[in-house]
């Protein structure tokens, strides 16, 4: 595992931090309404393509940008090209736990292309998460489609792959790459198995299909 407190700003890294600020009031509050920021949540994300000139798509987990029922207003931002860029959530799917945030950046960002093929079982992959949404960590590891159990059966999780590592807070939403292509997204841990869980390749392809062109998705 290689960790660094520094983000790459030149050239901009495709592996980014995602922050959601929580506020009490509505976007256009009435006079006298309390609009105090009451908290924030941080996670990871990955730039997956350009929507149009200067506008970019960032993929993360739905639970990273989820405001919860008690929050009046949640505003996502993405740390890209050395500064925080305000974003807008344009799609989210709770079942796969994926969300897409659109940001504007004057800098030409790097994007990670989505692999055309599912990664092979036991593939040597890399995970790219930001601990606490701040410290970038690269973890070379092994990916499994399912885990063998002592009785010979296989343990599997719907819409998930397993990786032979565990993750820390803030790494959710980070990229999993195989041969420099996106094949998964960090989801969390399976404490019983002692392995990490990532959103699988098929779920990512299905979720991004309405937004990315064939060229942007590795075609």
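The values are calculated or read from the model by the stated rules, or taken from the named source; none is laboratory data. Everything quoted here is computed from the prediction, not taken from an experiment. When we count neighbours, we look across all protein chains shown, and the Cβ atoms used for this are built from the backbone with ideal geometry, even at glycine.
Quick one: would you say residue 118 is touching a helix residue (DSSP H, G or I) at 6+ places or on another chain (Cβ under 6 Å), in contact (Cβ under 8 Å) with a residue 12 or more places away in the chain and either farther than 19 Å from residue 15 by Cβ or surrounded by 13 or more Cβ atoms within 10 Å (Cβ to Cβ) (or both)? Give the steps one after another, and end with the answer.
Details: touching a helix residue (DSSP H, G or I) at 6+ places or on another chain (Cβ under 6 Å): yes; in contact (Cβ under 8 Å) with a residue 12 or more places away in the chain: yes; either farther than 19 Å from residue 15 by Cβ or surrounded by 13 or more Cβ atoms within 10 Å (Cβ to Cβ) (or both): yes.
Answer is yes for this residue.
Per-residue answers, yes or no, for (1) in a loop (DSSP other than H, G, I, E, B); (2) in the same structural domain as residue 195 (by TED's automatic domain parsing); (3) more than 20 Å from residue 202 (Cβ to Cβ):
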{"site": "96", "(1), (2), (3)": "yes, no, no"}
{"site": "99", "(1), (2), (3)": "no, no, no"}
{"site": "110", "(1), (2), (3)": "yes, no, yes"}
{"site": "136", "(1), (2), (3)": "no, yes, yes"}
{"site": "139", "(1), (2), (3)": "no, yes, yes"}
{"site": "143", "(1), (2), (3)": "no, yes, no"}
{"site": "157", "(1), (2), (3)": "yes, yes, no"}
{"site": "161", "(1), (2), (3)": "no, yes, no"}
Per the filter on segment 151-207, residues more than 18 Å from residue 122 (Cα to Cα) and touching a residue at least 40 places away in the same chain (Cβ under 8 Å) are 167, 170, 171, 172, 173, 174, 187, 203, 204, 205, 206, 207
Looking at residue 206, is it farther than 15 Å from residue 48 by Cα and at pLDDT 95 or above? no
Looking only at segment 1-41, filter to residues that are modelled with pLDDT under 60 and surrounded by 14 or more Cβ atoms within 10 Å (Cβ to Cβ); which one of those is farthest from residue 186 (Cα to Cα)? 29
